[in-house]
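Participant: Here it is, the structure in full.
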Amino acid sequence: MSTTTQEPEPGSSASGPEGEDAARGPITGSGKRHGLFQRFLDLVEFLGNKLPHPATLFALLAAFVVVLSWALSQAGISVTDPLEGEEVEVFNLLSAEGIEWMFTSAVDNFINFAPLGVVLATMIGIGMAEQSGLIGTALKTFILSIPRFLVTFGIVFAGIMSSVASDAGYVVLPPLAAILFIAVGRHPLAGIAAAFAGVSAGFSANLLLSATDVMLGELTIEAAATVDPAYAEQMNLAMNYWFIIASTALLAVVGTLVSQFVVEPRLGSWHGEGVLADQDRSALKITAVEKKGMIAAGISLVITVGLLLLLIVPQNGVLRGEDGAVVQSPFMSSLVVVIIIAFFVPGLVYGIVTKVVRNDTDVINHVSKTLAGMAMFLVLAFTAGQFIAYFNQSNIGLLVSVGGADLLESINLTGLPLILLFMGFVAVVNLLVGSASAKWAMLAPVMVPILMHLGISPEFTQAAYRVSDSATNILSPLMTYFAIVIAVAQKYDKRIGIGSLISVMLPYSLAFMAAWTLMTTGWMWLDLPLGPNAPIHYEP
């Protein structure tokens, strides 16, 4: 698993004979006229396919910032720093000093790209749990152990929870949900839809901290530091933890209601073969070795958590902060290490019991396989690192944030209306640029400072981003995992293509977006903390 696979990249299409035709557009030699929604999907697919790869996009943005810095510098543009009260001019990156800086800082810009180190480190633990098979077996065990009347809820909930390792969610849950629905006499496509909705549209919600929190959090903290370094220093990666826990419960309920009262009635009764193949029947069973591995992994997790708590719970715990503080403490500063340990140890134990791991070489190979999948993320990190560094060094970031805040304030676009507009913008952009890290790396340096100047905390800006970035995933024809989901669906209906899948998933997206937005609005109205030491409003 890799962070880049967790976030879809543009450019993929459906596979299979029927899916291939559907991916080409609404008219594939049939002469049929298309509806407005189908034409809209074609436009999204066309525009998305014209966009460069996210890594290339960042390289182009970095080049644009260089040229823009020269133009603004020549025009004598400056801005008053609201914290320091000093006039700050745009730094010309094409000056002799600027060119020297770009050459000498390129490697540092890459290394200092906020999510780079923490994401790679986090994936060591999560990758071990995934590669050993623990996460996949845990998902299957949960689904198969819940009562029949909770099957739909369990599938949506398991999908949401699978965002700690979304490859496992996409690979395990849709086919398992289809088989399980057939076994209980229900339409398999309804099971696939429920699983897809949970895994994809709800991936920013969870009961656990994951690589998503690490990746987005580091970018948010870095962006906040350009406005208020002291405030950014006390921020933590669990800044949205209370919010995503509540989101998990909300989306699991909403997804269940949409499945049972909208999607499944629309699909109708299942008229396909009701007899499961031997391979399908085996998928509905947990082997004795897997059970033994799960028990051992569970025991190791309890012991691991217990040992970690010994460092936190006592008033004089080693990882406590000054005066016994927990929020401002070494513990909160070392959440990445905690995540690594909490996933690595149970994953290792499961692998040893199931004999997937026989020696230290197997451990290294499993971890290496996970990190090998991060190659695309490394390329993205290099170009994104240059863009962010150029943006900040040129002082264009300060110019945009102060000027943008003044403009929005002058037209009285602040508070909740601004947040809702921002969420709508992200939801639309998500149809064209699937990568969550790429979008946030582009938006965070601009939107976090602007909203801070308008009294909105970086933590709340990130939470609002996560809502919109998740809810419309299942509507993007460019999403990498569409090919996987369509391939599974075509096993039961050969006519399934991109358009038909999106029509099934649209009710989930609309319901998730509506319910999640209402929750976000209520959270802001009640002024509830989003996580540990994570307020809604920012006060300099």
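Participant: Looking at (1) 0.95; (2) 0.98; (3) 1.09, which value of Rg/Rh (Cα atoms, Kirkwood Rh) comes from a calculation on the structure shown?
Facilitator: Read-out from the structure maps to (2).
Participant: When the accessible area of the stretch 289-379 is split by element with a 1.4 Å probe, what percent falls to carbon and sulfur?
Facilitator: The nonpolar share, carbon plus sulfur, comes to 71 percent.
Participant: If you don't mind, there's one more thing I want to ask. I'd like to compare 498-511, 196-209, 149-162, 337-350: which one has the highest average count of other Cβ atoms within 10 Å, and what's the full order after that?
Facilitator: Highest mean packing first, the order is 196-209, 149-162, 337-350, 498-511.
Participant: In whole percent, and with a 1.4 Å probe on the protein chains, what portion of the accessible area of the stretch 126-275 is carbon and sulfur?
Facilitator: Result for the stretch 126-275: 67 percent of the exposed heavy-atom area is carbon or sulfur.
Participant: Also, quick follow-up: Working with all protein chains in place, sort Arg495, Arg39 by solvent-accessible area computed with a 1.4 Å probe, largest first.
Facilitator: Arg495, Arg39
Participant: Run the reach check for Lys140 against lysines, Cα to Cα strictly under 29 Å, same-chain hits fewer than 8 apart removed. What comes back?
Facilitator: Cross-link targets: Lys285, Lys291, Lys292, Lys355, Lys369, Lys491, Lys494.
Participant: Let me ask another. If you average the C-alpha positions of the stretch 171-186 and of the stretch 188-238 separately, how far apart do those two centres end up, in angstrom?
Facilitator: Between the Cα centre of the stretch 171-186 and that of the stretch 188-238, the gap is 28 Å.
Participant: By how many degrees, between 0 and 90 and to the nearest 10, does the Cα long axis of helix 151-161 differ from the longest principal axis of the chain?
Facilitator: For 151-161 against the chain, the angle is about 30 degrees.
Participant: Also, quick follow-up: When you count, for each residue, the other Cβ atoms within 10 Å and take the mean per peptide, how do 517-526, 358-367 rank with the highest first?
Facilitator: The packing order, highest mean first, is 517-526, 358-367.
Participant: Just the accessible area per residue of the chain, please: how many Å² with a 1.4 Å probe?
Facilitator: With all protein chains present, the chain gives 42 Å² per residue.
Participant: Could I ask something else about it? Helix 241-258: angle to the longest alpha-carbon principal axis of the chain, degrees 0 to 90, nearest 10?
Facilitator: Relative to the chain, helix 241-258 is tipped by roughly 40 degrees.
Participant: Normalised by the residues of the chain, what does the relative contact order come to in percent, with Cα pairs under 8 Å and at least six apart?
Facilitator: Relative contact order for the chain comes out at 29 percent.
Participant: In degrees between 0 and 90, to the nearest 10, how far off the longest principal axis of the chain does helix 498-526 point, with axes built from Cα atoms?
Facilitator: Helix 498-526 sits at roughly 50 degrees to that axis.
Participant: Please give every one of the lysines within straight-line cross-link reach of Lys439, meaning a C-alpha to C-alpha distance under 23 Å, and leave out same-chain neighbours fewer than 8 residues apart.
Facilitator: By straight Cα distance, Lys439 reaches Lys50.
Participant: Summing -39500 (n - 2.57) over the DSSP H runs of n ≥ 4 in the chain and dividing by its residue number, what mean residue ellipticity at 222 nm do you reach, to the nearest 500 deg cm²/dmol?
Facilitator: -21500 deg cm²/dmol
The values are calculated or read from the model by the stated rules, or taken from the named source; none is laboratory data. Remember, it's a predicted structure, so these values are computed and weren't measured experimentally. Using ideal geometry, Cβ is built from the backbone for each residue, glycine included, and neighbour counts are taken over all protein chains shown. The protein model used for the area step is the full one, side chains on, heavy atoms only, and it has no ligands, DNA or RNA in it. Shrake-Rupley method; radii C 1.70, N 1.55, O 1.52, S 1.80 Å.
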